[in-house]
1. Spot the failing condition for ASP158; the list is (1) in contact (Cβ under 8 Å) with a residue 12 or more places away in the chain; (2) under 24 Å from MET62 (Cβ atoms); (3) surrounded by fewer than 20 Cβ atoms within 10 Å (Cβ to Cβ), and only one is missed.
2. In this structure, is PHE174 closer than 26 Å to TYR4 by Cβ, assigned to a helix (DSSP H, G or I) and aromatic (Phe, Trp, Tyr)?
3. In the set SER101, SER69, which member is touching a residue at least 60 places away in the same chain (Cβ under 8 Å) and assigned to a loop (DSSP other than H, G, I, E, B)?
4. Restricting to region 15-31, give me the number of residues that are among the small types (Gly, Ala, Ser) and part of a helix (DSSP H, G or I).
5. Name the pairs whose Cβ atoms lie under 6 Å apart, with the first residue in region 127-150 and crowded, with 17+ Cβ neighbours inside 10 Å, the second of a type in the set (Lys, Arg), and 6 or more positions between them or separate chains?
6. Within region 1-29, count every residue that is free of Cβ contacts under 8 Å to residues at least 12 places away in the same chain and aromatic (Phe, Trp, Tyr).
Amino acid sequence: MTQYKIAVLVGSLRIESFNQQLATALTKMAPTDFTLTPIKIDDLPLYNQDHDSRQADPVTRMKREVKGSHGLLFATPEYNRSIPGVLKNAIDHGSRPYGDSAWGGKPAGIVGVSVGAAGTAMAQQHLRNILAYLDVTVLGQPEVFLHERPGFFDPKGDLAPDSKVFLQSWMDRFAGWVRQHAS
């Protein structure tokens, strides 16, 4: 039986990040043949093309971890109707130098939770556009635009029962997507 390694990238640095809590909750819902591993992106320098020929250690570590995965899970908040800079910075580093992208050919899923009523719909659309260019095959349906409200997470950070049912359904679909598209 194949053990699928999923690289998890969270676009929020906040200590009590809702998206980090969501990623953690999804990790607990993964099938037994899946291992979801958080990828550290808060230590990456700002992307500068001048450094493509000599990437910093945190960049080479991140790229190695992403390349070693069978799939990707992005959990992103929405900042000003787009993805956070820290996530875009990680994506840019992972795609460079030209011809050495860590992203290409990977199946991916995108989720997000926000206090805004629209959830993270615009950020996810921007992220889908970026990932399409990078040859990442993103699960289209169901989409996960979650609205965080009191009781969405319990005091331990676990999901409320209704959200848990929906997200388990999404995780099952994502697992099938990865099994179908992983190389």
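What follows is calculated from the coordinates using simple rules that are stated; it is not laboratory data. Keep in mind it's a predicted model, so treat the numbers as computed, not measured. Cβ placement follows ideal geometry from the backbone for every residue including glycine, while neighbour counts extend to all protein chains displayed.
1. For ASP158, the failing item is (2).
2. Details: closer than 26 Å to TYR4 by Cβ: yes; assigned to a helix (DSSP H, G or I): yes; aromatic (Phe, Trp, Tyr): yes.
Criteria met by PHE174.
3. Details: SER101 fails: touching a residue at least 60 places away in the same chain (Cβ under 8 Å).
Answer to the check: SER69.
4. Our first condition is that a residue be among the small types (Gly, Ala, Ser); within region 15-31, this holds for 17, 23, 25, 30.
Cutting the leftovers down to part of a helix (DSSP H, G or I) gives us 23, 25.
Total satisfying the criteria: 2.
5. VAL136/LYS106; VAL138/ARG128
6. 0
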